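Have a look at the structure below, then the notes.
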Amino acid sequence: VARWDEEHHFPVEAVHAMGDLGLFGLVFPEEWGGGDGDFVSLCVAIEEIGRIDQSMGITLSAGVGLGANPIFRFGTEEQKQRWLPDLVAGRKLGAFGLTEPRRRAATPVPPHPGCARRRRVGHQRLEGVHHQLGHRRSPRSSPSPPAPMPASRTSSSPAGTPGMEIEPPYRKLGWHASDTHGIALADCRVPHDHLLGEPGNGFRNFLSILDDGRIAISALALGCARACLELSVEYAGERIAFDRPDRCQPGDRVLARRPRRDGRERPEPHVQGGVAQGPGRDIGRAAAIAKLYTTEAAVTATRVATQVFGGAGFIEESPVARFYRDAKILEIGEGTSEIQRLVIARELGLPVT
Ligand SMILES: Cc1cc2nc3c(=O)[nH]c(=O)nc-3n(C[C@H](O)[C@H](O)[C@H](O)COP(=O)(O)OP(=O)(O)OC[C@H]3O[C@@H](n4cnc5c(N)ncnc54)[C@H](O)[C@@H]3O)c2cc1C
C-alpha cells in the first residue's frame, strides 16, 4: 500500500480480489449475488481494510454505499438486474455525483438545481459539472476499461453516455490509491429507464444515501484511528531514546491521554440488518453523530501518532505520515463536520438557518 500511495496507483487487481472475496456484496441479498450480511459486517470490513489502507477502505465504502446502494434502494427490478450483479461482484464500481465546482457547493441546501435537467421524450437531458466522483474505472477492465457507472443525482449513467466526459484524475493530498475524477455533462442524454426513483425525489433519496454513507465513513475513520494507536504503541515500545524505551517518555503520556475519560457511552448508530436504512428507520442523527465523532477522533489520532513518531512520523516512508494525509478528507467527504453539526442541531429541534 505504501507503493500504491507513492505512485498514486489505483490497484485494480486488489479491487478485483476484494470483489472475489465478496466484500462488495456483503450487505446485498443472495438473489443479487450478495452475501446477505448486515451493515455491521460491512462496517467491520471497511474498518479492517481502512486500518491497513484508507484508499482501499474508501473504495469499498463508496463502491457499496454510493455506487450500488442507490440502485439497490431506488432502482426498479429491471435496473437492479441490469446493474447490481456486476456491482455486487466488484466487476464494476459505481460513483455518485453530488458535489459541484466552486460556488455550487456540495453542501446540500435544497432546492439545489446543480445539474440542470430537462425532460424530453425518451430521455433526460443533463447539463452541468460534478466534481470529485470516485471510480472511473471498472476493476476488471484495466488497462482499457469499458463503461464505469457513475450514478448522477437521479440517474444511472454508464460512462460512454454521449455528452458525459470523465475528466483526468485529481491529484489529492491523501487517498492516493483511490480513483477520483470530475464528470462534465454537456447535452448528456440519459434514457428515462436510467432514472433512479420517482422524478422529483432525487434530492431526498440522495440525502438518505448519505446517511448510510456516513456510517461507513465512520467505520473507515475507526480503522484509521486504530491503526494510529497500534502503530504508536508499537513504535513507542521499541524506540530507545536516552537508553530508555520511549514508552517511559513522551509517547506514554501522549498515548495514555487518549481514551475517553468521562466514562460516557459512545453513540451507537442503529444499523443492524441489510443496508442501514429501512422503513421506519431514521438514522440521520445517529449517522451524523457517528461521522462527526469518529472522523474528528481519527484526525486527532493521526496528529498524535505523528507526534509519537517524532521526526520519523514526518518522513513519507512512515505509515503514520500516510494516515496523516489520508485522514483530513474524512472530516469533509459525505458532509463536512459543520454540516454534521447542523444535522444534529436540527434533529435536536434547535433553530438552524
Ligand atoms: C477525494 C474526494 C472524493 C470525493 N468523492 C465524492 C463523490 O464521490 N461524490 C461527490 O458527490 N462528492 C465527492 N467529494 C466531494 C465532497 O463530498 C465535498 O467536497 C464535501 O461534501 C464538501 O462540499 P464542498 O467541497 O462543496 O464544500 P462547501 O459546501 O463549499 O463547504 C466549504 C466550507 O464551508 C462550510 N459550510 C458550508 N455550508 C455551511 C453551513 N450551512 N454552515 C456552516 N458551514 C458551512 C463547510 O463545512 C466547509 O468547511 C469528494 C471530495 C474529495 C476531496
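The values are calculated or read from the model by the stated rules, or taken from the named source; none is laboratory data. Everything numeric in this text was worked out from a predicted model, so none of it was measured. Glycine also receives a Cβ, built like all others from the backbone with ideal geometry; neighbour counts cover every protein chain displayed.
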I332 passes all but one of the listed conditions (1) within 17 Å of the chain's Cα centre (by Cα); (2) more than 22 Å from G65 (Cα to Cα); (3) without any contact (Cβ under 8 Å) to a residue 12 or more places away in the chain; the exception is number (2)
(1) within 18 Å of K172 (Cα to Cα); (2) within 13 Å of the ligand (Cβ to nearest atom); (3) not basic (K, R) all hold for L292 apart from (1)
| task | Report yes if F314 is more than 30 Å from L350 (Cα to Cα) and buried (at least 20 other Cβ atoms within 10 Å of the Cβ), otherwise no. | result | no
G182: passes all of (1) touching a strand residue (DSSP E or B) at 6+ places or on another chain (Cβ under 8 Å); (2) modelled with pLDDT under 95; (3) surrounded by 21 or more Cβ atoms within 10 Å (Cβ to Cβ) but (3)
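Just checking, which of T353, T336 is of a type in the set (S, T, Y), loosely packed, with under 15 Cβ neighbours inside 10 Å and within 16 Å of the ligand (Cβ to nearest atom)? Please lay out each step first, then the result.
Numbers: T336 fails: loosely packed, with under 15 Cβ neighbours inside 10 Å.
Exactly one residue qualifies, and that residue is T353.
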